[in-house]
Amino acid sequence: MKKLISLVLALVMLAGVAAVGEGFAASYDITVWVAEEIKELTAQQIEAFNSSNQYGIKFNATIEAVSEAVAADNMVNDVEAGGDIFCFPQDQFARLVKAGALSKLGVAASEKVTAENAAGVVAAAKSGDSLYAYPLTADNGYFLFYDKSVIPEEDIDSLEALIADCEAAQKYFAFEMQTSSWYLASFFFGTGCVSEWTTDDAGTFISVRDTFNSPEGLIAVKGMEKLVKSPFHLSSSKADSFESNAAVVVTGIWDYELAKQILGDNLGVSDLPSFTVDGEEYHIGSFNGCKLMGVKPSNDAYRQAALHFLAQYLTGEECQMQRFNAKSWGPSNLVAQASEEVQANPGLAALLKQAPYSVPQGQIHGSWWGIAQVIADDVKLATDEAGLQAALDNYQAKIEELFTLDNTALLFVGAWNGWNNADTDKTYYLASKGDGTYALTFDVPESGYMGGRVVNPGSWDTDKGFAQVTEGADLIQDLGADNPDNNIVFAAPGNYTITWDGEAFSIVKN
């Protein structure tokens, strides 16, 4: 059967093929998961595909509103019950590949997708040398929003000038340094540093090339230091910071309408500024993220091929422009990006202006986000260059520890250990009892969210959690739809023992 699927996919993925046989002339009942805001538009697009495709394919599509993040979790938890076509953010790609939730593209389809879409988005859809998803958007990046009544236009290219303007006006410069690695990495990218992670074809992380701890990294934290030590720095990426006395906010296209509503004609947008260290200028970089569309694997070769045809159509130039016109989603298609309509959108134009300085957000180890996040705090506390270097040394040591983790062990990660899924002190590991079961006795501290999940170290997979608790359910909270991550959330602080028997959890309060 695998050979049949491979043969058919190789055939049908040929772009512009006139006919591939009558096997595709059929009706297929499918389920499609998309964001609520494009549900109706997607229905129209599928009907357009039904009436225009040359193969006689008809889809009877049930279109369900499932957010991208929830779709990824649902697919990992139960691939068979998942949508036949679904959308997800690129940071969920590796775990979806590992879960067997994505059908690989054929050779010709891969060539077509690669030729027609921005390189960074294509890279985000690749595991090893193979493409496993279709580019949907290329608008998940950030740029500069500013209040033109406070910030002179001639200052927007200089970090130092922007900081001075904010301090003079006693208004905040909102750039999420201390609470988000996604934004913090921008200074390192600006000096040429990289953090490039490699996965095998199964989606497992096997190596990393990370140069944050380097002479270039030291330059980056010297630039970062200027911002985080300003009394008017605010670690935020929300446009509503303009309502809380901010004059500058670094955020993305999703916040454009709110920023416009707050500032009106005083809203200015641009690419990120440069900073100066030892007389040299460095343009602040950024992550460039995206959304992808995946096809669930199927044993029916013709059905599988038909689904790939539909996914290719839904992510093509025409459909991407329809989503842009209806919802301002930023295209990944190169022709669509160059269109007058997209170029005329101020937010997307600023994002595209930042693009040459951006780094595609490829596959990144889940623990990296927590490890890198502490750099800005360490930089803020540093009193000299040695302190800045110590921040980088601490970061590198934690990166190196990731590849010594026992990925077969069980770690209870949550509020009690600061959500550190790369915990190496063994305090929250479930220990073998020698009878096939694993147990952990630990304290749940009082906090606003007394929840967590059992994972393999370094992973965020959610196959062990609330749904697997069979004894002691009265000790945890049933949050229903408000618990999409399948977390175990305790009802009260205290000392607990949790035991895993390979299929279910039992929980006892001591």
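The values are calculated or read from the model by the stated rules, or taken from the named source; none is laboratory data. Remember, it's a predicted structure, so these values are computed and weren't measured experimentally. With ideal geometry, Cβ positions are generated from the backbone for all residues, glycine too; neighbour counts draw on all protein chains shown.
Figures for the structure shown
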{"item": "Of all residues making up segment 474-491, the number that are of a type in the set (Gly, Ala, Ser) and touching a residue at least 12 places away in the same chain (Cβ under 8 Å)", "result": "1"}
{"item": "Selection within segment 153-182 - aliphatic (A, V, I, L, M) and touching a helix residue (DSSP H, G or I) at 6+ places or on another chain (Cβ under 9 Å)", "result": "ILE156, LEU159, ALA161, LEU162, ILE163, ALA164, ALA174, MET177"}
{"item": "Meets criteria (of a type outside the set (D, E, K, R) and part of a helix (DSSP H, G or I)) for ALA138", "result": "no"}
{"item": "Residue check for GLY120: surrounded by 21 or more Cβ atoms within 10 Å (Cβ to Cβ) and not in a strand (DSSP E or B)", "result": "yes"}
{"item": "Options LEU292, LEU310; residue that is crowded, with 16+ Cβ neighbours inside 10 Å and in contact with a Pro (Cβ under 8 Å, 6 or more places away or on another chain)", "result": "LEU292"}
{"item": "Test for THR198: is it in a loop (DSSP other than H, G, I, E, B), of a type outside the set (Gly, Ala, Ser) and in the same structural domain as TYR146 (by TED's automatic domain parsing)", "result": "no"}
{"item": "Any hit, segment 184-201, residues being of a type outside the set (S, T, N, Q), over 30 Å from SER127 (Cβ atoms) and at pLDDT below 95", "result": "no"}
{"item": "Leading residue by the ranking (farthest from the chain's Cα centre (by Cα)) among those in segment 313-325 that are part of a helix (DSSP H, G or I) and crowded, with 22+ Cβ neighbours inside 10 Å", "result": "CYS319"}
{"item": "Residue count for segment 256-290, restricted to those that are in a strand (DSSP E or B) and either at pLDDT 95 or above or at positive phi (or both)", "result": "13"}
{"item": "Count - residues of segment 352-405 that are touching a Gly at 6+ places or on another chain (Cβ under 7 Å) and more than 17 Å from VAL228 (Cα to Cα)", "result": "11"}
{"item": "Among (1) buried (at least 22 other Cβ atoms within 10 Å of the Cβ); (2) part of a loop (DSSP other than H, G, I, E, B), the one test that GLY192 misses", "result": "(1)"}
{"item": "Members of segment 141-160 found to be in contact (Cβ under 8 Å) with a residue 12 or more places away in the chain and not in a strand (DSSP E or B), listed by number", "result": "TYR142, LYS148, SER149, VAL150, ILE151, PRO152, GLU153, ILE156, ASP157, LEU159, GLU160"}
{"item": "Those residues of segment 95-111 which are within 20 Å of GLY83 (Cβ to Cβ) and either not in a helix (DSSP H, G or I) or not assigned by TED's automatic domain parsing to the domain that holds TYR313 (or both), in sequence order", "result": "ALA99, GLY100, ALA101, LEU102, SER103, LYS104, LEU105"}
{"item": "Flag if THR114 is free of Cβ contacts under 8 Å to residues at least 24 places away in the same chain and either more than 25 Å from SER286 (Cβ to Cβ) or in a helix (DSSP H, G or I) (or both)", "result": "yes"}
{"item": "Some residue of segment 176-188 being of a type in the set (A, V, I, L, M, F, W, C), assigned to a loop (DSSP other than H, G, I, E, B) and surrounded by fewer than 20 Cβ atoms within 10 Å (Cβ to Cβ)", "result": "no"}
{"item": "Segment 79-92: number of residues that are more than 16 Å from LYS39 (Cβ to Cβ), outside any strand (DSSP E or B) and modelled with pLDDT of 90 or more", "result": "4"}
{"item": "Leading residue by the ranking (surrounded by the fewest Cβ atoms within 10 Å (Cβ to Cβ)) among those in segment 432-470 that are in contact (Cβ under 8 Å) with a residue 12 or more places away in the chain, in a loop (DSSP other than H, G, I, E, B) and among the acidic types (Asp, Glu)", "result": "GLU446"}
{"item": "Of the criteria (1) over 22 Å from ILE371 (Cβ atoms); (2) surrounded by fewer than 18 Cβ atoms within 10 Å (Cβ to Cβ); (3) hydroxyl-bearing (Ser, Thr, Tyr), which one THR427 fails", "result": "(1)"}
{"item": "Matching residues in segment 281-326 - criterion: being free of Cβ contacts under 8 Å to residues at least 12 places away in the same chain and in contact with a helix residue (DSSP H, G or I) (Cβ under 9 Å, 6 or more places away or on another chain)", "result": "ASP300, GLU318"}
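Residues are listed down the side, and each one gets a yes or a no for (1) in contact with an Asp or Glu (Cβ under 9 Å, 6 or more places away or on another chain); (2) closer than 20 Å to ASP463 by Cβ:
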position: TYR395; (1), (2): yes, no
position: LEU402; (1), (2): no, no
position: ASN407; (1), (2): no, yes
position: LEU411; (1), (2): yes, yes
position: TRP416; (1), (2): yes, no
position: ASN421; (1), (2): no, yes
position: ASP425; (1), (2): no, no
position: TYR429; (1), (2): yes, yes
